[in-house]
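Data block below; observations after.
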Amino acid sequence: RAEPSAKDAPGPGTFLVHFAPTSITLSWGLAVAFGLSAVLLIAGLAGVGLFSTWAPAATIGLLLLNLRLIVGALRAARFRARVDDETLRIDGLFGHARIPRAAITGTSRASIPMQLLIPAMGLSHWIEWQDAEGRTQRTCVSISQELVHGDRLIAWLESAARANTTRHGTASQRA
């Protein structure tokens, strides 16, 4: 389990959420290994190499699994979040998100079928929030044992969702 260090607390009420350096290195290594494996599978589909004798359906199935693992490893390698009293900033493989604490409406762990579909290392959690136009947005973060302050992030999200639900009322109370 990754433990926080002094640099993980940049200021009062602020904390960084990221994978430990060894986990990041391992994620890059896994992405490269699975990438090379994907090249071999694609070559097999073209009739060259180790996988050329495999049935195309089996090769395609393994290639899709490989691509999921590559994206999951890259997401882990690129994930970083900064949490302060009022804002969650997420930097990841697919861009950046800035979520105000007052906009968070809920958080939940993804269902088992979604856990299998989402390319991530660890358990996927949905963050539900409203953007400036009032539209509901969902952002997915992956929480694993190697994530420094992952449990603190979940607690912060749950606290924000409870506070916002109490302040604004639930949808059934507003209707």
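What the table shows:
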{"read-out": "Failed criterion for residue 17 (all others in (1) loosely packed, with under 12 Cβ neighbours inside 10 Å; (2) closer than 21 Å to residue 145 by Cβ; (3) among the β-branched types (Val, Ile, Thr) hold)", "value": "(1)"}
{"read-out": "Cβ-Cβ under 6 Å pairs, at least 6 apart or on other chains, segment 52-75 side not aliphatic (A, V, I, L, M), far side not in a helix (DSSP H, G or I)", "value": "68/119; 72/119; 72/120; 72/121; 75/93; 75/120"}
{"read-out": "For residue 85: the one exception among (1) closer than 28 Å to residue 26 by Cα; (2) surrounded by fewer than 16 Cβ atoms within 10 Å (Cβ to Cβ); (3) touching a strand residue (DSSP E or B) at 6+ places or on another chain (Cβ under 8 Å)", "value": "(1)"}
{"read-out": "Matching option when the condition is open to solvent by 50 Å² or more (accessible area, probe 1.4 Å), assigned to a helix (DSSP H, G or I), over 29 Å from residue 155 (Cβ atoms) and among the aliphatic types (A, V, I, L, M), among 64, 26, 41", "value": "64"}
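The values are calculated or read from the model by the stated rules, or taken from the named source; none is laboratory data. Keep in mind that this is a model prediction, so the values were computed, not measured. Every residue, glycine among them, receives a Cβ derived from its backbone with ideal geometry; neighbour counts consider all protein chains shown. Note: areas computed on protein heavy atoms with side chains; ligands, DNA, RNA excluded. Shrake-Rupley method; radii C 1.70, N 1.55, O 1.52, S 1.80 Å.
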